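Novice: Take this structure first; my questions come after.
Please treat every number below as a calculation from the coordinates, not as lab data. Since this is a predicted model, take the numbers as computed values, not measurements. A quick note on method: Cβ atoms are made from the backbone with ideal geometry, for glycine too, and the neighbour counts reach across all protein chains shown.
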Amino acid sequence: MTHSRTKTEGLQQEKMTERNYLKPPKRLMRHVGRAIADFNMIKEGDRILLGVSGGKDSLSLLLILHHLNQYAPVKFHLGAVTVDPVIEGFDPSPLKAYLKSLGIPYFYQQQAILEQAEDAMDGDSFCSFCSRMKRGILYTTARKEGYNVLALAQHLDDLAQSFLMSAFHNGKLQTMKANYTIGSGDLRVIRPLVYARETLTTAYAEAAGLPVIPDSCPACFSMPTQREHMKQLLAQEEQHNKSLFSSLLKTLKPLMAVDHT
């Protein structure tokens, strides 16, 4: 009897740990569910590795996918990875305990990207260099650990900013893709938040008390960037045009589906 009770208590404690999070709001789940369906992002048996930077967006997506993993009819395996660029003032290591509490396989990769940038950058911005380096580490980790899908947490605001940057500076009509296969053909990249506004992830992160790591890239936050300029430009326009992002979503949706690897 004692052994049975101990086992039952253990299972109850395990279930409580698994549900140690605030259920994602219906509005946010609707956006994610529609994007997953529209772009066929998640398939039965997928092994999905989520890139978790420690920001509100990736942590929100972490709990959304964690929730779907427990209740969605399509069964998939979920893991998470953080790339620590070893930059002064940025310490994502507290995420280790949080991921452990959720029972999600977690891979923590440290690489001194700033030091490498000083030797390897060739007329590029640190943000661009860091992004490429992180992406390479994410790909390598996914392959090593047997994941076939990499999930990233860019939302509609990010895609709108990328669209303007591409149009203004490169003369191209393009933005980030919602679901595509990388050039080597062995990994898919998905962005389940492409229909969701940043305001939704911000509100959810605050309501859920997520362990957000402040300034997830201090090197970039120390100076204005093109992306920040586009963000301010969109914010100013939205003050006069409340349907701005609804219109932008109609514009961007066909571009999200084009497979440019």
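Novice: Counting Lys +1, Arg +1, Asp -1, Glu -1, what net charge surrounds K253 among other residues with beta carbon under 14 Å of its beta carbon?
Specialist: Surrounding charge for K253 is +3.
Novice: Next question. Under the classification rounded if a/c is under 1.5, otherwise prolate if a/b is larger than b/c and oblate if not, where does segment 23-257 fall, given a ≥ b ≥ c as square roots of the Cα gyration tensor eigenvalues?
Specialist: Rounded, since a/c falls under 1.5.
Novice: If the cut-off is 23 Å between C-alpha atoms, which lysines fall inside it for K242, apart from same-chain ones fewer than 8 positions away?
Specialist: Leaving aside lysines fewer than 8 places away in the same chain, those within reach of K242 are K26, K231, K250, K253.
Novice: Search the structure for amide H atoms under 5 Å from the amide H of I213, placed 1.01 Å from N in the peptide plane, and list their residues when 5 or more places away or on another chain.
Specialist: G55
Novice: By a straight-distance test (C-alpha under 22 Å), which lysines pair with K100 as possible cross-link partners, with residues fewer than eight away in the same chain excluded?
Specialist: K7, K15, K23, K56, K75, K144
Novice: Roughly how many nanometres apart are two label points built 7 Å out from the Cα toward the Cβ at Q226 and A203?
Specialist: For the pair Q226/A203, the computed spacing is 3.2 nm.
Novice: For E237 and Q116, calculate 0.36 nm times their separation in residues minus their Cα-Cα distance, and state this gained length in nm to one decimal.
Specialist: Taking 0.36 nm per residue and subtracting the Cα distance, the gain is 39.7 nm.
Novice: To continue, here is another question. So what are the ³J(HN,Hα) numbers for segment 239-251, from phi and the Karplus equation (6.51, -1.76, 1.60; θ = phi - 60°), rounded to whole Hz, Gly and Pro as x?
Specialist: 4, 9, 9, 5, 9, 3, 6, 5, 5, 5, 4, 4, 5
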